[in-house]
Amino acid sequence: MASQAGAPLLARQDDETDDFDETRLDDSNAPLSDNDQKQSGRLGYFVWLLTLSAGISGLLFGYDTGVISATLVSIGTSLSNRELTSIDKSIITSSTSLFALAASPLSSILADRVGRKPIILVADVLFIFGALIQAFSVSVTHMVLGRSIVGLAIGAASFVTPLYLAELAPAAHRGMVVTMNILAVTLGQVIAYVIGWAFSQYGSPAIGWRLMVGLGAVPAILQCLLLFIMPETPRWLVKAKRSDEARAIIQKTAGSDPVALQMVDNVLKDIEIEAREEEDNARLRNGDGKTHRSWLVGWRELLFVPKNRRALTIACLLQGLQQFCGFNSLMYFSATIFLMLGFTVPTLTSLTVASTNFIFTIAALLLVDRIGRRRILLYSIPFMAFGLLATAFGFSASGTLTVAARGNELTQSGAIFILINIMLYVAAYALGLGNVPWMQSELFPLNVRSLGSGLATATNWLANFIVGLTFLPLMDALGAPWTFALYSVVCIVGWVAVWCIYPETVGLSLEEATGLLEHGWGVR
Ligand SMILES: O[C@H]1[C@H](O)[C@@H](O)[C@H](O)[C@@H](O)[C@H]1O
């Protein structure tokens, strides 16, 4: 079975990454080695087009999570004829992550039944409705309804887009293609911050915030149109017994690359073998000769088959770590933090967080398939821990500061020191933890890929919800130094866990990557 070749391939890839034998291209009859398969060519225009089209979901995810911070400060008395209370603000903000949390496992079950593409469409429809309800809302209840619908859309999109891209991308570029989606998320956040800042400075606040949230409908409408040219993934088609269509799509994603074109049949065969093996195994496990894959069977296979359980543990660990390291407390509350630090235009300063995240995600895009997922995490997390500790030190050196004591401005050099260390932390986050967890689907075999990715995505949203809800109370209860030190401890513990259980999957086909966890954690 193809996937079992995973471990030996892993051992080879490190030293052979750069020596692709070009002479093979001349000999079209020569059998392709596994290594050649991984080295195959440039990314064809079709895959680029798909990445950009699917990336609109990422853009919406980022825009809708980023826009809330400026919206909250601009709403004024437009809802329910009164100023928003803190409770209103918390409910409006957290309803999105709560509904995203509910949507991800649900959409994972649906994505197995009806395909990956229809879920993208459903998410778009929800994005459009959610944007319109928010834009026209006249009460806090309407706004919460709109944010909840957007939450459902974000939950579905954040699960299905990385899965869709991972299943379509050629192995050698999978990391880059999935990271492109995260780049779109971070770009969406930058756009939301810029628009939020511009409207808060120059527009009429009463109308401005409605435009801000309403604008979210536009990319969703565009993506609905692009869906006409976006295919279903070959992996789902094989599972649905539509191998001919799957073959045509693999061929299209190979583009004009002669090596990739030669491999079309191999790739299809690998997927078919995996699908058949998983079906046979399910039949054996059910003991009745049938493959009745009710949702209960899927759960059983995910939780009781050791390699699937390992995959789930790793995927949830990475997603939990991505959120519990505290990054989104900056995304949601950086303006509050920079206000505490005495910056005069805190919304502008907080743009540095979003921009650093975006710029270093570009760097991740270029590095992740070269350095590898495991290694990039092991290199970057220590910088995150250091940045957080230094931030904690910066706060503590400037005296105890609580949210209630915002009036206590820090010295200018203290504030700059903290800003620099926050940027260091964000840059290191964007290089690794910001994107690697979203490569989750490559850990799961086809039969539990959708469910496993859905649960890992739900872990992400649960942790996101908890961090969003607890950051300000933690700052009040523990003070800024201990809050940031706590996130630093999470990073250190996370680093040890990554070291112990997350194997390197760079360059492996999806079938090989899942095989790594067959007999243990696959870490060497
Ligand atoms: O990968 C993304 C990205 O890092 C975003 O900037 C962050 O807000 C999300 O929570 C995360 O899932």
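The values are calculated or read from the model by the stated rules, or taken from the named source; none is laboratory data. These figures come from a predicted structure and were not determined experimentally. Reconstructed Cβ throughout: ideal geometry from the backbone, glycine too, with neighbour counts over all protein chains shown. Ligands, DNA and RNA are stripped out before the accessible areas are found, and what is left, the full protein with its side chains, is counted by its heavy atoms. Shrake-Rupley method; radii C 1.70, N 1.55, O 1.52, S 1.80 Å.
Observations on the structure shown:
- Residues that are assigned to a loop (DSSP other than H, G, I, E, B) and not aromatic (F, W, Y), drawn from the stretch 421-463: G432, L433, G434, N435, P445
- A335 vs. criteria crowded, with 23+ Cβ neighbours inside 10 Å, in a helix (DSSP H, G or I), in the same structural domain as A485 (by TED's automatic domain parsing) and in contact (Cβ under 8 Å) with a residue 60 or more places away in the chain: yes
- One residue from L237, L268, L222 being modelled with pLDDT of 90 or more and within 30 Å of V150 (Cβ to Cβ): L222
- The listed residue being over 30 Å from M340 (Cβ atoms) and free of Cβ contacts under 8 Å to residues at least 40 places away in the same chain, out of V496, V448: V496
- Condition check for R247: in a helix (DSSP H, G or I), at pLDDT below 80 and away from the ligand (no atom under 16 Å from the Cβ): no
- Residue match in the stretch 411-421 (condition: within 15 Å of the ligand (Cβ to nearest atom) and at pLDDT 95 or above): no
- Total residues in the stretch 52-88, condition away from the ligand (no atom under 16 Å from the Cβ), at pLDDT 90 or above and open to solvent by less than 10 Å² (accessible area, probe 1.4 Å): 2
- Residues in the stretch 309-337 that are over 30 Å from N447 (Cα atoms) and touching a Pro at 6+ places or on another chain (Cβ under 9 Å) were compared, and the one that is nearest to the ligand (Cβ to nearest atom) is S334.
- In the stretch 458-473, the residues that are without any contact (Cβ under 8 Å) to a residue 24 or more places away in the chain and more than 17 Å from G320 (Cβ to Cβ): P473
Quick grid of which residues meet (1) in a helix (DSSP H, G or I); (2) at pLDDT below 95; (3) within 20 Å of the chain's Cα centre (by Cα); (4) under 26 Å from R374 (Cα atoms):
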| position | (1), (2), (3), (4) |
| --- | --- |
| T141 | yes, no, no, no |
| G146 | yes, no, no, no |
| V150 | yes, no, yes, no |
| G155 | yes, no, yes, yes |
| Y164 | yes, no, yes, yes |
| T179 | yes, yes, yes, yes |
| G188 | yes, no, yes, no |
| A192 | yes, yes, yes, no |
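- Subset of the stretch 338-367 (residues that are open to solvent by less than 10 Å² (accessible area, probe 1.4 Å) and either away from the ligand (no atom under 16 Å from the Cβ) or at pLDDT 90 or above (or both)): F338, M340, L341, V353, A354, N357, T361, A364
- Scanning the stretch 466-514 for residues that are in a helix (DSSP H, G or I), of a type in the set (G, A, S) and either on the phi > 0 side of the Ramachandran plot or open to solvent by less than 10 Å² (accessible area, probe 1.4 Å) (or both) gives A480, S488, G494, A513.
- Residues of the stretch 102-122 that turn out to be surrounded by fewer than 24 Cβ atoms within 10 Å (Cβ to Cβ) and either part of a helix (DSSP H, G or I) or not assigned by TED's automatic domain parsing to the domain that holds G146 (or both), as a count: 12
- Checking each residue in the stretch 213-237 for being farther than 19 Å from G58 by Cβ and in a helix (DSSP H, G or I) picks out G214, P234, R235, W236, L237.
- Any hit, the stretch 224-231, residues being surrounded by 16 or more Cβ atoms within 10 Å (Cβ to Cβ), closer than 27 Å to S137 by Cα and of a type outside the set (S, T, Y): yes
Let's see how each residue does on (1) in contact (Cβ under 8 Å) with a residue 40 or more places away in the chain; (2) assigned by TED's automatic domain parsing to the domain that holds T347; (3) open to solvent by less than 10 Å² (accessible area, probe 1.4 Å):
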position	(1), (2), (3)
A157	yes, no, yes
L163	yes, no, yes
M176	yes, no, no
T186	yes, no, yes
I191	yes, no, no
I195	yes, no, no
A198	no, no, no
S204	no, no, no
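- Leading residue by the ranking (farthest from the ligand (Cβ to nearest atom)) among those in the stretch 422-448 that are under 17 Å from P503 (Cβ atoms) and not hydrophobic (A, V, I, L, M, F, W, C): P445
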